[in-house]
Amino acid sequence: MKKLTQKEEEIMNFFWEKGPMFVKELKEFYTDQKLHYNTLSTMVRALEEKGYIDHEQFGNTHRYFAAITKEDYRKNTLGSVVNKYFNNSYKNVVSLFVEEQNLSLDELRKLIDDIENSKNDPK
């Protein structure tokens with residue numbers, strides 16, 4: 001999966017939060033910016049080429065929708081970061097957070113308990 005720019009990620013968040021929409025509707029979320037319709041349309045089509053967005057056709061126009069979930073994107077992005085910066089080791093990631101945040105053993109145990117409880121919690 002290709003990496004998203006900050007602006008592309010912002011657009012994807014609108015699709016994840018609001019659901020399917022036309023570019024005209026998407027443009028309404030950019031009231032404080034002078035973002036041209038054609039520019040936004042080009043960005044949406046680029047997201048479609050990358051596989052993040054798909055569309056359904058209504059006459060001469062398209063209604064776009066997210067082709068992947070936010071959860072799938074999050075997992076893929078985190079996996080890429082862990083692979084690239086932490087030698088593909090989640091242990092190294094957790095160690096960094098423990099060191100950087102000065103987590104106590106009690107806080108770390110609570111975190112482990114929370115994770116174990118969420119795995120056992122039926123949803």
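Bear in mind these aren't lab numbers, they're just calculated from the coordinates by the rules spelled out. Predicted, not measured: the structure shown is a model, and the values here were computed from it. Counting neighbours? That spans all protein chains shown, and the Cβs are built from the backbone with ideal geometry, glycine included.
Structure data summary
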{"read-out": "Ellipticity estimate at 222 nm from DSSP helix runs (n ≥ 4, -39,500 (n - 2.57)) divided over the chain, nearest 500", "value": "-19000 deg cm²/dmol"}
{"read-out": "The chain - charge dipole about Cα centre, Lys and Arg +1 at Cβ, Asp and Glu -1, debye rounded to 20", "value": "440 debye"}
{"read-out": "Dipole magnitude of the stretch 6-66, debye to nearest 20 (Cβ charges: Lys/Arg +1, Asp/Glu -1, about Cα centre)", "value": "200 debye"}
{"read-out": "Rounded, prolate or oblate (a/c below 1.5 giving rounded, otherwise prolate when a/b exceeds b/c) for the stretch 6-66 by Cα gyration tensor", "value": "rounded"}
{"read-out": "Proximal lysines to K91, defined as alpha-carbon separation beneath 30 angstrom and excluding residues fewer than eight positions away on the same chain", "value": "K2, K3, K70, K75, K110, K119, K123"}
{"read-out": "Gyration tensor verdict on the stretch 70-120 (Cα atoms; rounded if a/c is under 1.5, prolate if a/b is larger than b/c, oblate otherwise)", "value": "oblate"}
{"read-out": "Cα gyration tensor, the chain - rounded (a/c under 1.5), prolate or oblate", "value": "prolate"}
{"read-out": "Total lysine pairs whose alpha carbons fall under 16 Å of each other in the stretch 6-66 (8 or more apart, or interchain)", "value": "5"}
